[in-house]
Amino acid sequence: MSSLFASILANLPGNSITLTMIWLFAFVMMLFVSEILFFYVPGVSISNLILTVVGMAFGFGPTFVIGFLSILPAHFILRKDMTMMIVSLFTLVPMVTISAFYGNYIVNLLGWPMLGFVVSVVKWGSSIVIGVMMGRAMPKKILNIMLEPLISIPVFWIFSGYFMWIFTL
């Protein structure tokens, strides 16, 4: 397991493991803070944009580790519900997969606004399916699957430029 983690860290940008650890920590903290700040705001998710841009720049492995170390602890702090942690983990996988493998293609074909729409639909679609299988209540998720894709269109359009520096690392 430690060799897998070392190989994930080796794929991050930088000249040394120290610089790599600094960038990993910075992305973890950015996602953690954005999750804490916007968790209870229906339909608004800056963490989707950050996670998507990081996934497009660094690929699946490092992005999954970054999401795992930031989103899951933030959700546990806010809700203290282990079933939500499981739903968050299984929702993270398709989000990171879409951004890492298809993000550049969607941006080149349809633009940043449609990438935000697709990532939000994948996020809440998988969350609803997994949540129903675990017996969780769905009213907030139903509200978010309607609001978040529509709100993500302008969020990705306006704020994607603020995170383009990640591609230069």
Checklist entry - Is it the case that some residue within the stretch 136-157 is at pLDDT below 90, at negative phi and in contact with a Leu (Cβ under 7 Å, 6 or more places away or on another chain)? => result yes
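From the list VAL53, VAL107, VAL33, VAL93, pick out the single residue that is within 15 Å of the chain's Cα centre (by Cα), aliphatic (A, V, I, L, M) and buried (at least 17 other Cβ atoms within 10 Å of the Cβ).
That would be VAL53, the only listed residue that is within 15 Å of the chain's Cα centre (by Cα), aliphatic (A, V, I, L, M) and buried (at least 17 other Cβ atoms within 10 Å of the Cβ).
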Next on the checklist: List pairs: first residue in the stretch 83-109 and closer than 16 Å to LEU31 by Cα, second residue open to solvent by 40 Å² or more (accessible area, probe 1.4 Å) and at pLDDT 90 or above anywhere in the structure, Cβ distance under 8 angstrom, at least six positions apart or on different chains.
Outcome noted: LEU89/PHE68; LEU92/PHE64; LEU92/PHE68; VAL93/PHE64; VAL96/PHE60; VAL96/PHE64
Item to check | Residue check for PHE76: in contact (Cβ under 8 Å) with a residue 24 or more places away in the chain and surrounded by fewer than 16 Cβ atoms within 10 Å (Cβ to Cβ) | outcome: no
Checklist entry - Of all residues in the stretch 147-168, how many are in contact with a Pro (Cβ under 6 Å, 6 or more places away or on another chain) and open to solvent by 70 Å² or more (accessible area, probe 1.4 Å)? => result 1
Item to check | Cβ-Cβ under 6 Å pairs, at least 6 apart or on other chains, the stretch 39-64 side of a type outside the set (S, T, N, Q), far side part of a loop (DSSP other than H, G, I, E, B) | outcome: PRO62/ASN11; PRO62/LEU12
Checklist outcome for this item: The residue from GLY43, GLY59 that alone is at positive phi, in contact with a helix residue (DSSP H, G or I) (Cβ under 6 Å, 6 or more places away or on another chain) and modelled with pLDDT under 85 is GLY43
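The values are calculated or read from the model by the stated rules, or taken from the named source; none is laboratory data. In this text the structure is predicted, and so the values were computed from the model without any measurement. Backbone-built Cβ (ideal geometry, glycine too); neighbour counts: all protein chains shown. Ligands, DNA and RNA are stripped out before the accessible areas are found, and what is left, the full protein with its side chains, is counted by its heavy atoms. Shrake-Rupley method; radii C 1.70, N 1.55, O 1.52, S 1.80 Å.
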